Amino acid sequence: MEKLTTLTGVGVPLRRSNVDTDQIIPAVFLKRVTKSGFDDALFYAWRRDPNFVLNKPEYAGKGQILVAGPEFGIGSSREHAVWALHDYGFRVVIAPSFADIFYGNTAKNGVLAAIMPQESVELLWKLLEEEPGREMTVSLETRTVTCGDVTLPFEVNDYVRWRLMNGYDDIDLTLQHEDDIAAYEKMRAEKFPFKPKTIPAKHWAEERIESAREPEDADWTGPLALCLIEIIGSLASHQTEVSLALASETFYV
């Protein structure tokens, strides 16, 4: 995960409160199987409105710091909400409060959720709207936001701050104990040789996945296909006549 210590970028004023995760990214986009490419889904319904803030030329495709109202990220726990923000380019979201699960998801995906009082958010909105496209600077080192001549403090959990400044996602944190894990696996193999060996996923050989129906005859020349061809040919050559007499409940072939 990319480290985040100081960020200078365009601030985007989003004057909306109680923004839920379905508004951030609608559920229809959750069918995608990748963890990236969700930038087109961010605020999908709102972006249909030509007057929405992200459709204005000063912000379209340029925003890196989002300034929103209280209770940002409420609703479902979908991690896709943070992925969509990150893919669009937002590395920082500033708000008076965040939903707990959303707040936890930001730290795992390289996005800072900075908590500021409502009065500070109102001031940032005013400054950004006075000069659309204005840049802001967010410093995790000093825990401050600078916009023009104004510098304001923000709150961030110490653990979250440490993770973001070091660029640690969950996998990175696990790999901090790689030597201990290797030592345990060595001991386990020696002490319990009868138990299955744990093989790291990164060492697994690639396996070709084939259809369970016709693994060797994917071009429809297998036994099932030949059987169907034979039946169809038999029906055509003998000109089989089928008659169903419902009244007598008799079936003739």
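Laboratory data are not the source of any read-out in this text; all were calculated from the coordinates shown. This structure is a prediction, so every number in the text was calculated from the model and none was measured. Note: ideal-geometry Cβ built from the backbone for every residue, glycine included; neighbour counts use all protein chains shown.
Just to verify a number: FRET efficiency for Glu129 and Asp22, C-beta to C-beta distance, R0 = 25 Å, to 0.05?
Working: r = 27 Å, r/R0 = 1.06.
For Glu129 and Asp22, the calculated efficiency is 0.40.
Calculate how many DSSP beta bridges within segment 75-192 are antiparallel, expressed in % of all such bridges and rounded to the nearest 5. The antiparallel fraction comes to roughly 65 percent.
Could you sort 72-82, 2-12 so that the peptide with the highest average Cβ count within 10 Å comes first and the rest follow in order? Intermediate values should be presented prior to the final figure.
Working: 72-82: 22.1, 2-12: 16.3.
Highest to lowest by the protection proxy: 72-82, 2-12.
Okay, which of segment 132-171 sit inside 20 Å, backbone N to the point 7 Å along the Cα-Cβ direction of Asp100? Correct set: 155-161. Multiplying the residue separation of Trp162 and Ile181 by 0.36 nm and subtracting their alpha-carbon distance yields 4.5 nm. For the peptides 102-114, 174-186, 58-70, residues were scored by their other Cβ atoms within 10 Å and the scores averaged per peptide; the highest-first order is 102-114, 58-70, 174-186.
Annotation for Glu2 and Ala60: the two label points, set 7 Å from Cα along the Cα-Cβ direction, are 2.3 nm apart.
Provide the FRET efficiency to the nearest 0.05 for the Arg48-Ser77 pair, computing r from the beta carbons and using R0 = 22 Å. Present the calculation step by step, with values, prior to reporting the outcome.
Details: r = 26 Å, r/R0 = 1.16.
With R0 = 22 Å, the Cβ-Cβ based efficiency is 0.30.
Over all distinct Cα-Cα pairs of segment 39-168, the Kirkwood formula returns a hydrodynamic radius of 15.1 Å.
Looking at the square roots a ≥ b ≥ c of the eigenvalues of the Cα gyration tensor of segment 86-161, which shape do they give, rounded for a/c under 1.5, prolate if a/b is larger than b/c, or oblate? Prolate.
In a reduced charge model with +1 at each Lys and Arg Cβ and -1 at each Asp and Glu Cβ, segment 17-170 shows a dipole moment near 500 debye about its Cα centre. Between Thr137 and Arg15, the modelled label-to-label distance comes to 2.8 nm, taking each label 7 Å out from Cα in the direction of the beta carbon.
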